[in-house]
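Encoded as structure tokens, the structure appears first; notes follow it.
The values are calculated or read from the model by the stated rules, or taken from the named source; none is laboratory data. Computed from a predicted model, the values in this text were never measured in an experiment. For neighbour counting, all protein chains shown are included, and Cβ atoms are generated from backbone atoms with ideal geometry for every residue, glycine included. Heads up: the accessible areas ignore ligands, DNA and RNA and are worked out on the full protein's heavy atoms, side chains in. Shrake-Rupley method; radii C 1.70, N 1.55, O 1.52, S 1.80 Å.
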Amino acid sequence: MRVLLVEDDVDLSKRIAASLRAENFVVDIAKNGEDAEHAGLTEIFDVAVLDLGLPKIDGVTVLKSWRNAERMLPVLVLTARDGWPDKVAAFKAGADDFLTKPFKIEELILRLRALVRRATGHAASVITCGDLSFDAQLGTFELAGLPLKLTAFEWRVLSCLILRKDVIVDRRELVERVYEGDADVDSNSIEVIIARLRRKVGADRIETERGRGYMLRAD
């Protein structure tokens, strides 16, 4: 799950990013509204955490820009502004959720996971694919009822595939969701991760669509 974190408080953004990365999120940080607007318009994210009081361009304007360009990523507004007019402005601009500072990082993580899950069309928190199951709220996988041990990269790829089961996920999209923007990515790294996952969940469960990407089959 790739997150765009838009926060101009450097210390706070570092703390949030560290907590999200510990939960296997891929985090890109924007420190002002101008950078946030550009990132949201040009890159792939599963969800965004957006402050309102930003340098250069305010958060509501950024959000309106995304929505006007039909960028439909879920957006959680995280701000110290707790007045009713601020909430109304955020939701009218296209926000999906609103959380005020100070906040519990555990609540932020739960809300983000719920937003990503609903955005991919899953109402229930547990997503199944045969005897493979993913608790999207807790972030845990089970295979045949037993906990499945995965590396961070394996978790990111498998969660992306199971949230879009029976749909081909483009290889480039996987790379963007697994690695952060400044990462040095080896050309066959996704293939290596897919090979390891096949050994763990079954070789026939993950299909390769040549020239396109990969698909996790529900049957």
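Miscellaneous remarks
- Qualifying position, being acidic (Asp, Glu), under 16 Å from the mean Cα position of the chain (by Cα) and more than 21 Å from Leu138 (Cα to Cα), among Glu43, Glu34, Glu7: Glu43
- Here Ala80, Ala119, Ala69, Ala124 are screened, and the one residue that is surrounded by fewer than 17 Cβ atoms within 10 Å (Cβ to Cβ) and touching a Pro at 6+ places or on another chain (Cβ under 6 Å) is Ala119.
- Close pairs (8 angstrom Cβ cut-off, 6 or more residues apart or separate chains): in a strand (DSSP E or B) and among the small types (Gly, Ala, Ser) in region 45-57, at pLDDT below 95 and open to solvent by 10 Å² or more (accessible area, probe 1.4 Å) anywhere: Ala48/Leu73
- Unique match (being among the basic types (Lys, Arg) and touching a Leu at 6+ places or on another chain (Cβ under 7 Å)) among Lys92, Lys165: Lys165
- Screening the candidates Ala136, Ala114, Ala119 for the property of being of a type in the set (Gly, Ala, Ser), modelled with pLDDT under 90, within 13 Å of the chain's Cα centre (by Cα) and closer than 24 Å to Val62 by Cα yields one hit, Ala119.
- Conditions (1) assigned to a helix (DSSP H, G or I); (2) modelled with pLDDT under 95; (3) farther than 30 Å from Asp135 by Cβ: number failed by Val60: (2)
- Inside region 83-109, residues that are within 16 Å of Leu12 (Cβ to Cβ) and open to solvent by less than 30 Å² (accessible area, probe 1.4 Å) make up a count of 3.
- Taken as a whole, region 109-124 holds at least one residue that is more than 25 Å from Glu43 (Cα to Cα) and assigned to a loop (DSSP other than H, G, I, E, B).
- Here Asp35, Asp11 are screened, and the one residue that is charged (D, E, K, R) and either exposed (fewer than 14 other Cβ atoms within 10 Å of the Cβ) or in contact with a Leu (Cβ under 7 Å, 6 or more places away or on another chain) (or both) is Asp11.
- The residue pairs whose first member lies in region 127-138 and is of a type in the set (Phe, Trp, Tyr), whose second member is at pLDDT 90 or above and open to solvent by less than 30 Å² (accessible area, probe 1.4 Å), and whose beta carbons are closer than 7 Å, counting only pairs six or more residues apart or on different chains, are Phe134/Ile127; Phe134/Phe141; Phe134/Ser159; Phe134/Ile162.
- Matching residues in region 42-51 - criterion: being modelled with pLDDT under 95 and hydrophobic (A, V, I, L, M, F, W, C): Ile44, Phe45
Each row is one residue, and each column tells you yes or no for (1) at pLDDT 95 or above; (2) in contact with a helix residue (DSSP H, G or I) (Cβ under 7 Å, 6 or more places away or on another chain); (3) assigned to a loop (DSSP other than H, G, I, E, B); (4) farther than 17 Å from Arg111 by Cα.
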| site | (1), (2), (3), (4) |
| --- | --- |
| Leu4 | yes, yes, no, no |
| Arg21 | no, no, no, no |
| Glu37 | yes, yes, no, yes |
| Trp66 | yes, yes, no, yes |
| Lys87 | no, no, no, no |
| Lys92 | yes, no, no, yes |
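- Asp58 vs. criteria surrounded by fewer than 17 Cβ atoms within 10 Å (Cβ to Cβ), in contact with a strand residue (DSSP E or B) (Cβ under 7 Å, 6 or more places away or on another chain) and more than 26 Å from Cys160 (Cα to Cα): no
- Among the residues of region 161-211, those that are modelled with pLDDT under 90, in a helix (DSSP H, G or I) and touching a strand residue (DSSP E or B) at 6+ places or on another chain (Cβ under 6 Å) comprise Arg171, Arg177.
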